[in-house]
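Engineer: Dumping the structure here so I can ask a few things about it.
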Ligand SMILES: [Zn+2]
């Protein structure tokens, strides 16, 4: 009894006043019509070295799969380290402090932008802190995308005249933002892509509602970064669904201030940590095949890119822009687990029949050089014969781009080669990719009859 009485006295002496102080610093923020923005100030916490914001109460007025957390200072290169924590009604406790990362994916004129990513929709309080005194307002932005309607119909466009690869079905803007609250750039800058730039979003990799994720990127790019529209031309999710962002032949905001003559596709997720899904990669490959073929971009070549003033691989990752003459940022995008796959995607697209029919490869044979496969068609037994070239290796792929067999250069003493290796394979179309010592790579179709 005595003990509980002393606890009660302690409560009134110390805990209750501190609760009251916390209540006085409480700010009630209702997220209505998707977004909420509020100016935050930091004050030194008594008896610690931290500078804390008020506790922000969050009330969402409609169900939402998550809340996107971002914010900015109205000054460039003003980048004190910030942290945030959340109190959610489902866990009934404060989370650990987590870093609010500085956005480095592109230029944000007049702003230093921070991103916390998707936070729990059951969050009821949010607090920020810094290790340093901050003498200016932090503009906190919270965006609740709401749940998307299911069973959207995917859009298609008229097939391009010049391209044999069909455009993959995609979700257009009216599919991922049916409310019309994510309007396109009113004055888009047209551009003719010569290069395809692959990104990751560095956000959450899995979601039950990727259309909501795309809406939240639109809000972050437009209202957080101050851009004219969502930065990417296209996005693909882990389920293999393609989304039209800015769309084709429009200059986006994704390649470190070198956006002219590029189209940017973002694989939603963080591939520094996660592994890209097979479905997402398949769609990325189909997209690259269509984009390259419809714009006659040679996926195996590195052509001059005027905005970066560099001979740039025609299919590049965002990080390939690091350190180039006109680059304005440095990034690990598209992540350690996605970036190395670009090499395989280029190779696989290069041997797709639809691509080969359309794009004149830079890797062609000269007049006195030859590669012949005979008989072709065949029943699985054929010869590859060549003249006036130095072959380093031969790789056989099936029609979906899977490697079936590889021989390295040491197997070839003569310029003559015979195999029955495909005899047991099913009938169908195969491709031999013949790599030459001078780095050219020649593809030839092999047809196996039943
Ligand atoms: Zn990127």
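Engineer: Mind giving me the FRET efficiency for residue 427 and residue 330? R0 is 56 Å, r the Cβ-Cβ distance, nearest 0.05 is fine.
Structural biologist: Result of the calculation: an efficiency of 0.65.
Engineer: A further question on this structure: Among the DSSP beta bridges whose two residues both lie in segment 173-358, what percent are antiparallel, rounded to the nearest 5?
Structural biologist: Numbers: 8 of 20 bridges.
DSSP beta bridges in segment 173-358 are roughly 40 percent antiparallel.
Engineer: While we're looking at this one, here's another question. For segment 173-358, compute Rg over Rh where Rg is the Cα radius of gyration and Rh is the Kirkwood radius from the inverse mean 1/r over Cα pairs. Write down the numbers at each step before the final one.
Structural biologist: On the way: Rg = 15.3 Å, Rh = 16.4 Å.
Taking Rh as the inverse mean 1/r over Cα pairs, Rg/Rh reads 0.94.
Engineer: Still on this structure, I have one more. For Cα pairs less than 8 Å apart in space and 6+ apart in sequence, what is the mean separation divided by the residue count of segment 22-143, i.e. the relative contact order in percent?
Structural biologist: Rounded, it is 39 percent for segment 22-143.
Engineer: Over segment 173-358, what is the mean sequence separation of C-alpha contacts under 8 Å (at least six apart), divided by residue count, expressed as relative contact order in percent? Working shown, then result.
Structural biologist: On the way: 377 pairs, mean separation 46.9, N = 186.
After rounding, I find 25 percent.
Bear in mind these aren't lab numbers, they're just calculated from the coordinates by the rules spelled out. Bear in mind that the values here come from a model prediction, so they are computed numbers and not experimental data. Every residue, glycine as well, gets a Cβ built from its backbone with ideal geometry; the counts of neighbours run over all protein chains shown.
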